[in-house]
Amino acid sequence: MRINPIQQNQNYVNHKGGVSKPSIKVIDSYANKEFVKYTKEFGKNSALCSEKLSQIKNTWQALLNKLIEKTSAMHKDNDLIITAIKPEETQFLDDPSAYFSFYNHKLGTNSERFYFDCGTIFDGDGTSQAFEEAVNCIDSKEIDKQILEKSIKNFNGKVNGKLNNLVFPPRKALEDGEIEELKEKAIKISKYQEELSFLTDEERENNLQVINSGLNKVQDANSALIASKRVKKS
């Protein structure tokens with residue numbers, strides 16, 4: 001069984017990844033925390049307060065625009081997810097207070113989480129500087145590649161799981177559709193990587209070899225197990 005390379009679309013240059021709607025709400029909440037902080041700080045001086053609030057609004061809007069620009073350069077199926085971490089959950093994370101992750105819906109794969117420290121965000125302190133640093137660190141190509149690598153790793157995990165069931169007692173043959181399920185996953189990975197214009201042909205072919213090798217191992221082991229059981233019955 002072999003997954004063949006998919007015809008690369010040379011016009012596929014404008015990926016349109018995105019920022020998930022819940023993440024935009026998180027950004028709004030960060031901005032609101034700064035609004036509240038500075039409203040309290042300036043008190044009755046409405047002129048200064050108004051000027052500062054306008055500045056905060058413009059800062060966060062610029063950050064959101066930059067974030068949208070960066071995520072738009074990602075693969076169209078990749079979405080940014082921003083998650084705020086509660087204080088009691090930070091004890092093992094060197095006290096970050098939020099993280100970015102990127103999720104591909106079709107592959108069901110997340111990139112590695114990218115933690116960042118927004119200061120004492122839950123006390124209402126300003127967060128825009130830390131958030132800006134996090135946005136600047138986003139590398140769209142690196143995110144796309146991370147998701148590809150992790151999807152292949154997950155695929156290999158499924159392959160190894162199937163092989164273990166076939167090789168080790170009680171050695172159960174695969175049910176109808178299990179190999180087809182692996183093949184469908186492989187096709188999705190193949191399509192995804194062909195839509196990443198920065199990958200070399202060598203990288204694509206190497207990835208396909210890994211995927212095809214896994215598929216062949218599962219199919220061969222399953223066929224061998226079925227044949228051995230037929231021999232025992234006869």
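The values are calculated or read from the model by the stated rules, or taken from the named source; none is laboratory data. All values derive from a computational prediction rather than experimental measurement. No Cβ is skipped: glycine too gets one built from the backbone with ideal geometry, and neighbour counts run over all protein chains shown. All accessible areas refer to the heavy atoms of the entire protein, side chains included, with ligands and DNA or RNA removed. Shrake-Rupley method; radii C 1.70, N 1.55, O 1.52, S 1.80 Å.
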Would you confirm whether or not segment 148-171 contains a residue that is of a type in the set (S, T, Y) and touching a strand residue (DSSP E or B) at 6+ places or on another chain (Cβ under 6 Å)?
yes
Among the residues of segment 186-213, how many are of a type outside the set (S, T, Y), open to solvent by less than 50 Å² (accessible area, probe 1.4 Å) and closer than 16 Å to T109 by Cβ?
7
Could you list all residues from segment 102-124 that are assigned to a strand (DSSP E or B) and either more than 16 Å from I81 (Cβ to Cβ) or at pLDDT below 90 (or both)?
N110, F114, Y115, F116
Within segment 149-177, the count of residues that are closer than 24 Å to K188 by Cα, open to solvent by 80 Å² or more (accessible area, probe 1.4 Å) and of a type in the set (D, E, K, R) comes to 5
Reported set for segment 214-229 where residues are among the small types (G, A, S) and buried (at least 18 other Cβ atoms within 10 Å of the Cβ) is G214, A221
Go through segment 186-201 residue by residue and tally those that are in contact (Cβ under 8 Å) with a residue 60 or more places away in the chain and either assigned to a helix (DSSP H, G or I) or within 14 Å of I147 (Cα to Cα) (or both).
10
Check off (1) open to solvent by less than 60 Å² (accessible area, probe 1.4 Å); (2) at pLDDT below 90 for N136 and give me the number that stays unchecked.
(1)
